[in-house]
1. For the range A:135-161, what are the residues that are among the aliphatic types (A, V, I, L, M) and assigned to a helix (DSSP H, G or I)?
2. Scanning for something at pLDDT 75 or above and part of a helix (DSSP H, G or I), does the range A:336-346 turn up at least one residue?
3. Restricted to the range A:320-329, and to residues that are facing chain B (nearest Cβ under 7 Å) and under 20 Å from the mean Cα position of the chain (by Cα), which residue is surrounded by the most Cβ atoms within 10 Å (Cβ to Cβ)?
4. Picking from B:GLY59, B:GLY73, B:GLY81, which residue would you name as being at the interface with chain A (Cβ under 8 Å from one of its Cβ atoms), touching a Leu at 6+ places or on another chain (Cβ under 8 Å) and on the phi > 0 side of the Ramachandran plot?
5. Taking A:VAL240, is it modelled with pLDDT of 70 or more and either among the hydrophobic types (A, V, I, L, M, F, W, C) or closer than 17 Å to A:ASP167 by Cα (or both)?
6. I'm trying to understand the selection: among the residues of the range B:43-56, which are in contact with a strand residue (DSSP E or B) (Cβ under 9 Å, 6 or more places away or on another chain) and at the interface with chain A (Cβ under 7 Å from one of its Cβ atoms)?
7. List pairs: first in the range A:200-221 and under 23 Å from A:HIS176 (Cα atoms), second at pLDDT 90 or above and in a loop (DSSP other than H, G, I, E, B), Cβ under 6 Å, 6+ apart or cross-chain?
8. If you scan the range A:52-70, which residues turn out to be within 26 Å of the chain's Cα centre (by Cα), surrounded by fewer than 14 Cβ atoms within 10 Å (Cβ to Cβ) and more than 16 Å from A:ASP31 (Cα to Cα)?
Amino acid sequence: MGRFSDMFGSRSVTALVERSRRKLATGKLDDAARLVESGLERYPASSGLLDLRLSIRRARAHKAMRRLEQRIELNGDPIAFEELIRLYQELQLPEEARRTAETFVEEHPQRDAPHLILGEMLMEVFLDDLQARHGHRAHEHLLQSANLNGLAVRPRLLLAEFYFCIDAKRSLAMMHESLERMATDTGALEGAFAVMAQVADSSADERLDGLLERIEVEGRLRRDPSDWPLSNRHGCASEVREDAADGVVRTLIDKGTLDEIVLLRRDGSVVTHASPLGIRGETTGEAPEADAEEYDPEAGTLLGAAISRPEPEGGFVDVVRTVSGKVFPQAREFDMGKLSRCTIRSKQGNVVVGKVGNVVVGARGAASGEPDRMWERVAQALESVTGRSTS
Amino acid sequence: MKDILHQLNETISARGSLVVARDGMLVAADVMDGVDVERLSALGAALVTEVGASLKSAGLTEFSHVEVAAEHGKILLAEAGPTYLMVLVGARLEIGPGSIEIQSAANRLARAANFAPTE
């Protein structure tokens, strides 16, 4: 049938959207989904149909959520708990997922699964915010899960990863031994065993409390989670490739998106710092390198694309350090979940400080600009140089 | 001042709010159970004094708004005459330091602060 007849046969995209919407409104989700999917085969770029597909998915998820919640209310069904947590995670509702996992643990303290699920969630939180209390709780639940199921490899692998990141050498040695005893498929764990053998030390004198406290104070893990061979963590494992970061910040400045940008490592050292005056990396105090003829020694500035190596002191770098080192740790005390960013507006300009991958980014733009849009552009540009560590 | 803070908390369902002087001293607070007022005022002091000083050294002398956003809440700081109003809001509340309720409370606080007796 041609397009003309489609329109009059209620098969135009508008008619399809309208019919699907009516089905959705009356709760006939399967019928609505069928119409939308067949419509998308004919009109794959229709924004109306794509929006409806999303609405149908959400409606289905909510329906499933209600069903699972009822099952939990009725008899505390552990499978319903697990499915509901997974659903929350899929819908990117981490707070609901965590709350449900906490309830799961409360209702089934003698099962290993709830401790494993909650322990892994808390470990993710710890690897991101480095708060000792989250580390303790993650450890406690993972250990409990391992104790309740003496044959389970997963909680032990997570514990090994945890010990690896915080440099608990003796605990890692014990976990290595335990995993070697129980693992049947040693091939899959070969990389992890090699790393454990290299790092673990059964004679090390260590206290977990002390290690976690030190990490919280120093604001950095002893080892990057991306160096753990089985790691698939994204947020904390992703790294901004420092060699490529200079190019990105240069482009952002050249395009006039920003007035100034600073990238800091977790310990506060500078990855790169750029303004229309030039780009400065870290830390050796050497004279500017790259295009020497572009360096104006009298003005002490770099014209265009040169890179120099003095550690910048004061100024905007300090603003970013103060926000990431003082404000963010204190703000975490208020249980607001993962921090996204800090926005400061002043008559002289706007500042946004946030995290992209493993670096803290501070961007400064004009007072007349919109800080959220500025941040979106910065984050998007930096994500292009964010990848897994190759070390 | 406490009345203004209380009203603001009621209106926008905030977890707490407080007034911080420009030297970081806590002037007034109204917080819900479970919110540690000392920690909140310490954060307010850090924002006003330490961040303020570093902004000054970067040539950003007059900051009017600060927003620390997280997944399930925000900490907002708005200029209120000679003081700053700080608000802790909970989840799913689409409110910023420039919103009408915050600005209105900040204006009232500014008036209250200006009329406060000085030593």
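The values are calculated or read from the model by the stated rules, or taken from the named source; none is laboratory data. Nothing here was measured: the structure is a model prediction, and the numbers come from that model. All Cβ positions, even for glycine, are placed from backbone atoms using ideal geometry, and neighbour counts span all protein chains on display.
1. Answer for the range A:135-161, where residues must be among the aliphatic types (A, V, I, L, M) and assigned to a helix (DSSP H, G or I): A:ALA138, A:LEU142, A:LEU143, A:ALA146, A:LEU148, A:LEU157, A:LEU158, A:LEU159, A:ALA160.
2. No; the residues of the range A:336-346 include none that is at pLDDT 75 or above and part of a helix (DSSP H, G or I).
3. My answer is A:VAL323.
4. Of the residues listed, the single one that is at the interface with chain A (Cβ under 8 Å from one of its Cβ atoms), touching a Leu at 6+ places or on another chain (Cβ under 8 Å) and on the phi > 0 side of the Ramachandran plot is B:GLY73.
5. Against the criterion (modelled with pLDDT of 70 or more and either among the hydrophobic types (A, V, I, L, M, F, W, C) or closer than 17 Å to A:ASP167 by Cα (or both)), A:VAL240 does not qualify.
6. Within the range B:43-56, B:LEU43, B:LEU47, B:VAL51, B:LEU55 meet the criteria.
7. Here the result reads A:GLU206/A:ALA168; A:LEU211/A:ALA168, each pair linking the range A:200-221 to a residue that is at pLDDT 90 or above and in a loop (DSSP other than H, G, I, E, B).
8. A:HIS62
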